[in-house]
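Here's the structure we're looking at; comments come further down.
The values are calculated or read from the model by the stated rules, or taken from the named source; none is laboratory data. On a predicted model such as this, the values are computed, not experimentally measured, just so you know. Reconstructed Cβ throughout: ideal geometry from the backbone, glycine too, with neighbour counts over all protein chains shown.
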Amino acid sequence: MRVGDQQLTPGSTSYHSTLQVQAFDIADLLRPGANTVGAILTDGWYRGTFGYTRDSDMYGTQTAFLAQLELESGGQRTVIGTDGSWDVSATEIVSADLMAGQRVNFRRGHGATGHVVLRDASFAALTGPVAPPTRIVAELLPVSITRLSNGNQIVDLGQNINGWVRLSRLGAPGKTVTLVYGEALGVDGDVTQDHLRPHDFRNTGQFLDPGQVDSLVASGAPGEVFEPRHTTHGFQYISVQGLDADLEPADIAGCMVQTDLERLGTFNCSDHRLNKLHDIVEWSFRGNACEVPTDCPQREKAGWTGDWQLFVPTAAYLFDVAGFTAKWLRDVRADQWDNGVVVNISPSPGPEITSAEFMAFTNGSSGWGDAVVMVPWEIHLATGDTGILEQNWEAMERWLGFVRSTAEGNRHPARAAAQATPAPHEQYLWDTGFHFGEWMEPDGPAPDLFASRSADNGIVATAYYRHSSAIMARIAAVLGKGDRAKELGELSENIRRAWQRGYLRADGTVGNGTVGNGTAGIGTAGIGTVGNERGDGGTQANCVRALAFDLVPDSGRQAVVKQLVTLVRDAGTHLGTGFLATPYLLPVLAENGQPDLAYELLMQDSEPSWLVMVDRGATTMWEAWDGISEDGTARQSLNHYSKGAVISFLHRYTAGLRQAPGSAAYERIIIEPRPGAGITSAATSHRGPQGLIGVSWAIDDGEITLIATVPPGTTAEVRLTDQSNAVVGPGTHTFTAPAGGNDHQPQLARSAS
């Protein structure tokens, strides 16, 4: 009998520093007489292929098993541990790899036993888990099974998931059945994996195998079931090949595997497409919440820091991700380089292990490394926990030290060529080193990692330098580090002024920050001359960041807002933001007097937009805006959750629930619905540390009725007009007001505890 229901143990960690230990109560599994304890070892994250480059043996070449059985009977305690008396044998698993898939031959069974080989290892890396376990959290039956003319049977689960299938109809003994997993179908109706093939950096122009293939050979034993629990796949479709018998829906099930996170938040509204958008974002995150926050569950399975820092506020609203995040941050700290660089992917075995050069030189990128500051802060805001800030403070300081020394000690070559003597503000410009920048901007330049090594991405990097130092000033204050908070506040303000000096034009609008002929910009004392810096062709992303990160003077915000509106309209009322700025786009518009434009972008139904995914049948977020083109061609990963951070807008603005500035753990909240796009009702809930918060509203006959549930320990400010607010405490409260009446005071119709 199997012990417990956990999957993929001992879990993905930075194995050089951390190896998780699982504990189980097996008393109910013991039977009178002889009992046998066994474990099945396969390569997993430790020795198997991993990530975009498909490197293997990254942590070592030898697997090992460590166990301890503790028995108590009659007041006596017996401990049985793994030692040289244990036996080892082959199993029916021929091979198993997280990327490639699993091969099983049931005819092989368990081979002859032999004594184990003892390995020398330290116990120093052993630790208990801090995140919830990974389990099968749902089982999906097919919505259709179709046999093609080539004999393959195509199973459609109707939903893109992470996990595997359980197959109970295995075919004739001795005959191989192959399962090919994928997210899309080709023109022939069979599963296609073409969009999931990584580039082979060893052979230019070539692609690596996409993997995601399981195979089995049945023995014919009664009740034989194939369930490849030593691999995972990202898929909606399975091409079952070599099986003569027709599959029935009861013969196959999709097993969704994820870290078992407790749900905290909900949302729904009167617009069915927005409900569907919210749904596919949730599914996308859940498919990438397997041990670590991965970017995609098929092509890479990698814990990219940038993806999580973008999405963690949304995730923390919907699910309890505190332990999940604390575990991942432990790996981020372990993987941090001696010079303070935070690596792009955690867990990571180190830059010298991977075959592709870019896996080393791209580390330390702004927006990705800043996750070590931004992620703990967001978890603190959601939970009120200061321990996560304490745990990561030293790593934050080391990261900021790297950024500061890089900014102070280096100048971009183009800047140095234009002006030999640096201006005083340049010590605060982070304009050297590799940065992904505003990755994958629609209609922007094609991503080029190697070109980015020498590009000037200072306008992006300096913005994050300012943002992280400002957050660290607040963290220092929370932790009682008053002097450090003051120092960081001053540093942050100096960076802010330098950003203004470097990247604002004379008219207060945002440029692109490239170096060239001299123009004017805003300096520390207002508008002035800026030597040889110019800002041509500002972008949506840089305008969004300028507003979201409070980079521009208060007097200049409207100029940047107007610039952003113009850029959006010039793009045909389409978003033009890339990876980093997209989560901030709609909130920035809503907070700066442009809620109607925010809704126009949200409801846009031509590329690039979120609703294109909904209208083309997506069940998870796509990596590319045209992940499924108009002609049905699949591009890149069809399960990348980062763009899904947009649904925070639905929680905070459409439904109208957000935490008040300066609050943590939802002790103070703002309830302010901002209806738009013809939405006539919306509701959201969040179970915070104080209890369940609920907000629902509906518009009927020109009047909006709002019901707010406020838990003990929370104060809510309810805003239904520009002029009048109501502050309420715990209880259920009902408000009514004219639906569009900004000049009318809301009426408190009922208040009940």
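Right, A455: outside the structural domain of T204 (by TED's automatic domain parsing), touching a residue at least 12 places away in the same chain (Cβ under 8 Å) and not in a loop (DSSP other than H, G, I, E, B) or not?
For A455, the condition - outside the structural domain of T204 (by TED's automatic domain parsing), touching a residue at least 12 places away in the same chain (Cβ under 8 Å) and not in a loop (DSSP other than H, G, I, E, B) - is not met.
May I ask you to say which residue of V341, V312 is on the phi < 0 side of the Ramachandran plot, part of a loop (DSSP other than H, G, I, E, B) and in contact (Cβ under 8 Å) with a residue 12 or more places away in the chain?
Being on the phi < 0 side of the Ramachandran plot, part of a loop (DSSP other than H, G, I, E, B) and in contact (Cβ under 8 Å) with a residue 12 or more places away in the chain holds for just one of V341, V312, which is V341.
When you scan the stretch 1-97 for strands (runs of 3 or more DSSP E) that lie fully inside it, which ones turn up with 2 or more residues that are farther than 22 Å from D214 by Cβ? Before you say what the answer is, go through the steps one by one.
Working: elements: 68-73, 76-81, 93-97.
In the stretch 1-97, the matching strands (runs of 3 or more DSSP E) lie at 68-73, 76-81.
With the structure loaded, tell me whether W308 is under 23 Å from S17 (Cα atoms) and in contact with a Pro (Cβ under 6 Å, 6 or more places away or on another chain) or whether it fails that test.
Taking the combined requirement at face value, the residue satisfies it.
Test A356 against the stated conditions and say whether it is under 25 Å from E438 (Cα atoms), modelled with pLDDT under 95 and either among the hydrophobic types (A, V, I, L, M, F, W, C) or not in a helix (DSSP H, G or I) (or both).
yes
Here is a list of conditions, (1) surrounded by fewer than 22 Cβ atoms within 10 Å (Cβ to Cβ); (2) touching a helix residue (DSSP H, G or I) at 6+ places or on another chain (Cβ under 8 Å); (3) modelled with pLDDT of 95 or more, and V544 meets all of them except one; can you say which number that is?
The one condition V544 does not meet is (1).
Of the residues that sit in the stretch 693-702 and are out of contact with any strand residue (DSSP E or B) (no Cβ under 6 Å at 6 or more places or on another chain) and at pLDDT 95 or above, which one is farthest from A660 (Cα to Cα)?
Filtering the stretch 693-702 for residues that are out of contact with any strand residue (DSSP E or B) (no Cβ under 6 Å at 6 or more places or on another chain) and at pLDDT 95 or above, the one farthest from A660 (Cα to Cα) comes out as D700.
Taking the criterion of being among the hydroxyl-bearing types (S, T, Y), within 26 Å of the chain's Cα centre (by Cα) and over 30 Å from A624 (Cα atoms), would at least one residue in the stretch 461-470 satisfy it?
Yes, the stretch 461-470 contains a residue that is among the hydroxyl-bearing types (S, T, Y), within 26 Å of the chain's Cα centre (by Cα) and over 30 Å from A624 (Cα atoms).
Conditions first: (1) under 26 Å from A125 (Cβ atoms); (2) touching a residue at least 24 places away in the same chain (Cβ under 8 Å); (3) out of contact with any Cys (no Cβ under 8 Å at 6 or more places or on another chain). G81 passes all but one, so which condition is the exception?
(2)
Those residues that are under 18 Å from P297 (Cβ atoms) and basic (K, R), I need them from the stretch 629-652; list them, please.
Within the stretch 629-652, R635, K643 meet the criteria.
Filter the stretch 27-46 down to the residues that are touching a residue at least 24 places away in the same chain (Cβ under 8 Å) and not polar (S, T, N, Q) and list them by number.
Residues satisfying the conditions are L29, V37, A39, I40, L41, D43, G44, W45, Y46.
In the stretch 218-267, which residue that is of a type in the set (A, V, I, L, M, F, W, C) and in contact with a helix residue (DSSP H, G or I) (Cβ under 7 Å, 6 or more places away or on another chain) is nearest to L157 (Cα to Cα)?
L261
Which residue is farthest from N363 (Cα to Cα), if the candidates are limited to the stretch 415-448 and must be surrounded by fewer than 16 Cβ atoms within 10 Å (Cβ to Cβ) and among the aliphatic types (A, V, I, L, M)?
Ranking the candidates gives A420 first.
Go through the residues of the stretch 710-718 one by one and say whether even a single one is surrounded by fewer than 19 Cβ atoms within 10 Å (Cβ to Cβ), on the phi < 0 side of the Ramachandran plot, among the hydroxyl-bearing types (S, T, Y) and at pLDDT below 75.
There is no residue in the stretch 710-718 that is surrounded by fewer than 19 Cβ atoms within 10 Å (Cβ to Cβ), on the phi < 0 side of the Ramachandran plot, among the hydroxyl-bearing types (S, T, Y) and at pLDDT below 75.
Please specify each residue of the stretch 81-110 satisfying the condition of being more than 26 Å from C296 (Cα to Cα), of a type in the set (K, R) and in contact with a Ser or Thr (Cβ under 7 Å, 6 or more places away or on another chain).
R107
Please determine, by comparing only the residues of the stretch 10-26 that are touching a residue at least 60 places away in the same chain (Cβ under 8 Å) and closer than 20 Å to A96 by Cβ, which one is surrounded by the fewest Cβ atoms within 10 Å (Cβ to Cβ).
Going through the qualifying residues, I end up with Q22.
Within the stretch 203-239, which residues are crowded, with 21+ Cβ neighbours inside 10 Å and at positive phi?
Passing the criteria: G211, Q212.
For the stretch 534-555, which positions are more than 23 Å from D456 (Cβ to Cβ) and of a type in the set (G, A, S)?
Hit for the stretch 534-555 is S555, nothing else.
Working only within the stretch 246-298, note down all residues that are among the small types (G, A, S), more than 20 Å from the chain's Cα centre (by Cα) and assigned to a helix (DSSP H, G or I).
Step one: of the stretch 246-298, the residues among the small types (G, A, S) are 250, 253-254, 265, 270, 284, 287, 289.
From what is left, the residues that are more than 20 Å from the chain's Cα centre (by Cα) are 250, 253-254, 270.
Across the stretch 246-298, the qualifying residue is only A250.
Quick check: anything in the stretch 112-121 under 22 Å from V21 (Cβ atoms) and among the small types (G, A, S)?
Checking the stretch 112-121: at least one residue is under 22 Å from V21 (Cβ atoms) and among the small types (G, A, S).
Kindly indicate whether G489 is without any contact (Cβ under 8 Å) to a residue 24 or more places away in the chain, assigned to a helix (DSSP H, G or I) and surrounded by fewer than 21 Cβ atoms within 10 Å (Cβ to Cβ).
Spelling it out, G489 is indeed without any contact (Cβ under 8 Å) to a residue 24 or more places away in the chain, assigned to a helix (DSSP H, G or I) and surrounded by fewer than 21 Cβ atoms within 10 Å (Cβ to Cβ).
Sort out which residues of the stretch 597-606 are of a type outside the set (A, V, I, L, M) and within 16 Å of Q540 (Cα to Cα), and write them in order of number.
E600
Within the stretch 116-126, is even one residue β-branched (V, I, T), surrounded by 13 or more Cβ atoms within 10 Å (Cβ to Cβ) and outside any loop (DSSP other than H, G, I, E, B)?
So far as the stretch 116-126 goes, no, none of its residues is β-branched (V, I, T), surrounded by 13 or more Cβ atoms within 10 Å (Cβ to Cβ) and outside any loop (DSSP other than H, G, I, E, B).
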